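The values are calculated or read from the model by the stated rules, or taken from the named source; none is laboratory data. For clarity, every value in this text was computed on a predicted model and none was experimentally measured. As a convention, Cβ positions derive from the backbone with ideal geometry for all residues, glycine included, and neighbour counts pool all protein chains shown.
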Amino acid sequence: MIGYVTLGVSDMDKAKTFYSELLHDLGAKVLLDMGRIAFIGESMSTPMLAVCIPFNEAPNHPGNGNMVAISVGSKEAVDAYYQKAIALGAVCDGQPGQRIEDQFYGAYVKDPDGNKLAFYVFG
């Protein structure tokens, strides 16, 4: 259903490096780089994350209530992706932990541009 999600950024090189390194273990890489926008994922036929300089060239602004959630497969992986994101320059927006009884385990960060990410596993 979802083809790609786009995040506005202020520095394309920094954003491509951050997301390529962060999502490398999930098989993601820069698939298409068009200068102002780059698509990161496993393949052009699976859901991707795009980073871009806003079309109107005004500063990017993270949305209040917007978030990209990335399924990573296990509680240990949630912890690892959270730590990796922090090491790559993200800031904590909610440490790893059980959220909804035994149904949801997640962690939250904001990327270097302030875009909110979640790493999670259900169950």
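Just name the residue that is farthest from VAL51 (Cα to Cα) out of those in the stretch 96-112 that are touching a residue at least 40 places away in the same chain (Cβ under 8 Å) and out of contact with any Gly (no Cβ under 7 Å at 6 or more places or on another chain). Give the steps one after another, and end with the answer.
Kept after step one, since they are touching a residue at least 40 places away in the same chain (Cβ under 8 Å), are these residues of the stretch 96-112: 108, 110-112.
This time we only want the ones that are out of contact with any Gly (no Cβ under 7 Å at 6 or more places or on another chain), so: 110-111.
Numbers: LYS110: 14, ASP111: 12 Å.
For the stretch 96-112, the residue satisfying everything is LYS110.
Can you tell me how many residues in the stretch 1-39 are more than 21 Å from TYR81 (Cα to Cα) and basic (Lys, Arg)?
1
Considering ALA87, ALA77, which residue is assigned by TED's automatic domain parsing to the domain that holds TYR105, at pLDDT 95 or above and surrounded by fewer than 12 Cβ atoms within 10 Å (Cβ to Cβ)?
Numbers: ALA77 fails: surrounded by fewer than 12 Cβ atoms within 10 Å (Cβ to Cβ).
Within the list ALA87, ALA77, the selection yields ALA87.
What pairs come up if the first residue lies in the stretch 63-85 and is closer than 19 Å to GLN103 by Cα, the second is assigned to a helix (DSSP H, G or I), and their beta carbons are under 6 Å apart, counting only those six or more places apart or on different chains?
Listed by first residue and then by second, the contacts come to VAL72/VAL78; VAL72/TYR81.
This table checks each residue for (1) touching a strand residue (DSSP E or B) at 6+ places or on another chain (Cβ under 6 Å); (2) more than 24 Å from GLY41 (Cβ to Cβ).
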site	(1), (2)
ASN66	no, no
VAL72	yes, no
LYS84	no, no
ASP93	yes, no
GLN98	yes, yes
TYR108	yes, no
TYR120	yes, no
